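What follows is a set of notes on a single structure, which appears directly below.
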Amino acid sequence: MTSSASLPSLDGRRFRMVSSTTSAVDPDAPSEFVYQERDGAIWGDYSGDTVTFGRFVGTRTGDTIWVSFVHVLVSDGTVVTGDGESELELTDDGRIRLVEHYEMHGLPQLSVCEEVSAG
């Protein structure tokens, strides 16, 4: 993690999608993301909701991460790829929120993921 970051490392943290402009999020079974971070590198995987499985890799500078991703859709097995940039924010209860900006289907998209509480 770079010294300019104000929020802690994402290493080992889990996040759940809470909203997306790409599709309706199933509140009972949202996509869940597991992040790893070391020395400015970000990587991890995700699954759930509309995604069979996915992987991402990227970088972190301060409280911004940039990733490339690939996932497989549950509906028809389509492989989807893309890039995105996320701003890290702190929620009122001290968890990390990822506000993700990316492009899919040729249009700008926005999704929000929030850290899963340890308890």
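The values are calculated or read from the model by the stated rules, or taken from the named source; none is laboratory data. What you see is a predicted model, and the numbers here were worked out from it, not measured in a lab. Glycine gets a Cβ as well: all are built from the backbone with ideal geometry, and neighbour counts include every protein chain shown.
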Item to check | Qualifying residue in segment 24-42 (condition: closer than 19 Å to residue 108 by Cα and at pLDDT below 95) | outcome: yes
Item to check | Whichever residue in segment 35-51 is among the small types (Gly, Ala, Ser) and over 17 Å from residue 77 (Cβ atoms) and, among such residues, is farthest from the chain's Cα centre (by Cα) | outcome: 40
Checklist entry - Does residue 80 satisfy being more than 23 Å from residue 117 (Cα to Cα) and either in contact (Cβ under 8 Å) with a residue 24 or more places away in the chain or within 11 Å of the chain's Cα centre (by Cα) (or both)? => result yes
Item to check | Scope segment 46-103; condition closer than 19 Å to residue 16 by Cβ, of a type in the set (D, E, K, R) and out of contact with any Asp or Glu (no Cβ under 7 Å at 6 or more places or on another chain); matching residues | outcome: 89, 92, 93, 100
Item to check | Selection within segment 9-28 - more than 17 Å from residue 112 (Cβ to Cβ) and touching a strand residue (DSSP E or B) at 6+ places or on another chain (Cβ under 6 Å) | outcome: 9, 11
Checklist outcome for this item: Counting only residues in segment 59-73 that are part of a strand (DSSP E or B) and more than 11 Å from the chain's Cα centre (by Cα), the one surrounded by the most Cβ atoms within 10 Å (Cβ to Cβ) is identified as 60
Checklist entry - Given the conditions (1) crowded, with 17+ Cβ neighbours inside 10 Å; (2) out of contact with any Lys or Arg (no Cβ under 8 Å at 6 or more places or on another chain), and given that residue 30 satisfies all but one, which numbered condition is not satisfied? => result (2)
